[in-house]
Amino acid sequence: MDAESSTLQLSSPVQYLPGVGASRAERLLKLGVRTAQDVLFLFPRDYEFPAPTTNLDALSEGVSASLVGEIIDAELVTRNPGKSIFSALVENESGVIRILFFNQSFRAEQLTLGCQVMVSGTPKLNGLRMEMVHPKVTVLDLHDQVPQPLILPIYPLTDGIKQADLRRLSGQLVAELAGELTEVMPASFRELCAKKLRKRGLWKADHPLVDIEVALRQLHWPESEPQLKMAHTRLVFQELLVMQLALAMRRRKLTTELRAPPLPSSALIDARIIQRFPFELTADQKQVVAELRQDMARQFPMNRMLQGDVGSGKTIVAVYAMMLAVANQYQAVMMAPTEVLARQHYATLSRMLSSSRVRVGLLCGSLTTSERRELVEAVAAGEIDLIVGTQALIYGQLEFNRLGLCVIDEQHKFGVAQRVALRSGGVDPHYLVMSATPIPRSVAMTLFGDVDLSTLRNSPPGRVKVNTYLARDGWKERWWEFVRQRLNEGRQAYVVAPRVENKDSSPEDGEDVSSVEAVVVELRQTQLKDYQVGLLHGRMPNEEKQAIMQAFSDGELDVLVSTTVIEVGIDVPNATIMTILGAQRFGLAQLHQLRGRVCRGAHGGHVCVFTDGDQPPEENERLKTFEQTQDGFELAEADFVMRGPGDLLGRQQSGLPPMRIADLSRDLELLQVARQLAQQMIDEDPDLTDPELAELKGQVIRRYGKRLSLGDVA
Ligand code: ADP
Ligand code: MG
C-alpha cells in the first residue's frame, strides 16, 4: 500500500483520491459525491449480468462471452500520431486469448502486466488464437481476492464521468473503507429485524441482516445474486426504518404535546345525530364514524384523513363529527376549496338541522361588509355553532369562541410538514381532512405518515356505473348525436376542455389545444345549436361563476362547457353525460374526479374521451387504464406505478427528502414491516434512549430532525 492510500479516510475529499483530481471532483459533485464516504453511498442504479465466465476451450466464434484472466503480455504500437494498436494476452487455466484496441493508447496504462481482468466481448478466430476487438474490460486487481465478479455495478453518471471511472473508484474505496463505516444497526437489532422480515418471507437466510460492511461490499460488487439481494434488503430496510422512526416520533410528539378538547359521545348523542340523517349510514361510514368517535374523545387532536372515491359519501361522516362537536358545546368549522362547494355544504347542513337549535353560518365572498362583520362577531361570541366557508375566508378572519373541530374538504395536498394552524383558547381543534384522490398505500404510510387514515371503500347504494368510452375514429358525429338524444330525454351534459382560451396555447406545443372559449362557440353554432350552452372557467368573477353553476343546477342550462373547475365536488344528479376534450392533458386522478361528476343520478352516466393532436386515445396508456378501471384506488395505484413515486413524493409536496435506495412502489412490504417496527420501538422507548440504538437515532435526527421539527427529541 502506498503512502497515499494508507491515509485514505471516509472523510477524504474525492479530489485527492488517485486518478480523480480537481476537474473530475467537480463533476462528481453533481452526483452528490464529495468524500470517499459519498462514493460508498452512491448506489448502483442497476447491474450488468455478463454471460458466465467461459472456459477458453468453450469459446466459439461470434458468441459473446466473458472471462477472467491475467495480462501476461501487452504491447502498444504507435504508427502515425493518434494511430495506435494496443494488444494484450489474457491467460487463465484454460488458455490464452488476445485482446485488441485501436487508437486507445490509454489502455497501455490501464492494462499492465499482471493485471487481473475480466473481459467481455465477441471472440473471433485469428489463426489458431481467439481474439476480441474492443472488449469491455474490468480491472479486478484492486480486490483483495478476485471474486467471481459476474455482476457489474452500473452507476448513475454525469457529464465527464464514465462508468469505468466510478467502477474503479468504488472498487478501491469499497475494498479499503467499507470496514470503517459506523454500524447503526447493532447485531442484536439486525437479528430482531431479520425475525420480523422472515415472518413475511422477506428475509430467507437463517442469519441476521448483514452488517453494513458486507452490505456495501455486496451492493457494489456482488459475488452472487442472493448476496446482492441480501445487501439490498438490508439497506432498503434501513432507509425505510429510519424514515418510519422519524414519522413515529413525530406522531408521538403531536399526541403528547398538543392539547385538544375531548369530545366524547354517548349512545344518546349518537342516536340524536343519526336521527337527523336522511338515510342509513353504510357499513363503511359506520366504521369511520366509530373511528372518529374514538379519536375525538381523546385530549389530543385527532389528525385523521378520510379518503373515499368521488361520491362515496364523505360529507355525512363529516357532518356527524361536526354534530358531535356541537353536542359537546364546541364549535366546528368546515372548509371547502371553492365557494360553490361551501354553499353546497351549507345547504346540506342547514337542511338537516332546520328544526334544531344548532346555528349554521356561511362565510362567503358575496357577503356584504356588514353581514360579514355580524357573522364574525357571532362566531367570536359563540352564537354560531357550525361555520362553513372557503379556506381563504376562514383563515385569518375568524376568532372562535370554542373551536373543537376543523373539517377540510377535498384536500389533495396535505403533506406531513404542513399542519393547519387554527387554535382557540390555547388548545388545538381536532382535524378531519377529506380527500377524493385515493392515496396509494405506500404513499399514505410516508407522505401521510403522521396522519391516521380512514377509508370509504364502498359507495352508498344507488350509485350508477359510468360508461367510459375512448373516442375512436369517426366517433365525433356519433357521440354528439348520442348527447343530443340524452338532452332530449331531459338530461344535462358537461363538456370539459383543458384551456380557457386558444391563444394561451404556447406555440411550441405545436398542436391545437381545445379551449372552452373556442368549444363553446363551435358547439353553439353546430352540434348543440338547439340547446342552452353555458360557459364556466376559473378566470370568471365569482358571482358570474356562482350564477352559471346555479343556472346549470336549476336546469336552465342544458350543457356546461367548463375547465376543470367542475372537478371538485359539484353535485348535479341530472347531469349524466360528459365529454372530455384534450384528455391527454389530464392526469388519471383528475380524469377520475371529472368522471365522478356524472355518477350521481338515477340514470347511468356516460363519459367520452377525445384527444387533441395526432395520438388517438386508445394509444395512450393512461387513457386506456382510465377506460378499463372504475375504482379510484386501483387508478391511484396504476398512476403511481406509471409515473413512479416522484410526482407524489416530490419534495415540495411531502417535505420529505427523496429516497436513496428504497422504491416506495416496489418496497411496499418492507415499508409495512418498517412502519410496524418503528411504531413498536417508539411506543416502548419514545425518545430512543437505548444506547445500543444511539447511532440509529442519530441518523434519524440528521436526516429528518429539521424537516419534521423533531429538534427537542435530539
Ligand atoms: P363525496 O364523498 O364525493 O363527498 P358525498 O358526501 O357528496 O360524496 O355523497 C354523495 C351522495 O351520496 C350525496 O348525494 C349523499 O347524499 C349520498 N349519500 C351519502 N351517504 C349515503 C348513504 N349512506 N345512503 C344513501 N345515500 C348516501
Ligand atoms: Mg365531497
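Dividing the C-alpha radius of gyration of the range 31-101 by 2.2 N^0.38 Å, with N its residue count, gives 1.60. Ordering Tyr431, Tyr47 by the number of other Cβ atoms within 10 Å of each residue's own Cβ, fewest first, gives Tyr47, Tyr431.
Helix-only estimate, please: 222 nm mean residue ellipticity of the chain, summing -39500 (n - 2.57) across DSSP H runs of length 4 or more and dividing by its residues, to the nearest 500. Rounded to the nearest 500, the figure is -10500 deg cm²/dmol. Near Ile408, the amide H atoms lying under 5 Å from its own belong to Met335, Leu432, Val433, Met434; only residues 5 or more places off or on other chains count, and H is placed 1.01 Å from N.
Classified by the C-alpha gyration tensor, the range 466-629 has a rounded form. Its axis ratio a/c, with a ≥ b ≥ c, is below 1.5.
Please report His592, His345, His603 as a ranked list, fewest other C-beta atoms within 10 angstrom at the top and most at the bottom.
His603, His345, His592
In the range 166-258, which trypsin sites (Lys or Arg not before Pro) fall in coil by DSSP and have 13 or fewer other Cβ atoms within 10 Å? For trypsin sites (Lys or Arg not before Pro) across the range 166-258 that sit outside H, G, I, E and B with at most 13 neighbouring Cβ atoms in 10 Å, the list reads Arg200, Lys204. For the range 466-629, lysine pairs with C-alpha atoms less than 26 angstrom apart, excluding pairs fewer than eight positions apart on the same chain, total 6. Taken as Cα centroids, the range 183-254 and the range 357-401 sit 53 Å apart, rounded to the nearest whole angstrom.
Relative contact order, whole percent, for the chain stands at 12, derived from Cα pairs under 8 Å and 6 or more residues apart. Scaled to the globular estimate 2.2 N^0.38 Å, the Cα spread of the range 267-456, given as radius of gyration, is 0.97. Straight Cα distances below 16 angstrom link Lys204 to the lysines Lys195, Lys196, Lys229, with same-chain residues fewer than 8 positions distant left out.
Here is the tail figure for the range 50-150: Cα pairs spaced more than 22 Å apart come to 25 percent of all pairs. For Lys124, the lysines whose Cα falls under 21 Å of its own Cα, not counting residues fewer than eight places away in the same chain, are Lys136. The simple spin-label model puts a point 7 Å past each Cα toward its Cβ; for Gln287 and Ser23 those points are separated by 6.3 nm. If R0 is taken as 56 Å, the Cβ-Cβ distance between Ala381 and Arg539 corresponds to a FRET efficiency of 0.90.
For trypsin sites (Lys or Arg not before Pro), the sites in the range 325-371 that DSSP calls loop and that have at most 13 other Cβ atoms within 10 Å are Arg357. As a proxy for reagent exposure, Trp203, Trp475 were ordered by neighbouring Cβ count within 10 angstrom, fewest first; the result is Trp475, Trp203. Computed over the Cα atoms of the chain, pair by distinct pair, the Kirkwood hydrodynamic radius stands at 30.3 angstrom. Among beta bridges identified by DSSP and lying wholly in the chain, the antiparallel ones come to about 40 percent. Listed by chain and number, the lysines placed with their C-alpha closer than 16 angstrom to that of Lys314 are Lys286; residues fewer than eight positions away on the same chain are left out.
Any read-out appearing in this document is the output of simple, stated calculations on the displayed coordinates, not a laboratory observation. In this text the structure is predicted, and so the values were computed from the model without any measurement. Note that we place each Cβ from the backbone using ideal geometry, even for glycine, and neighbour counts take in every protein chain shown.
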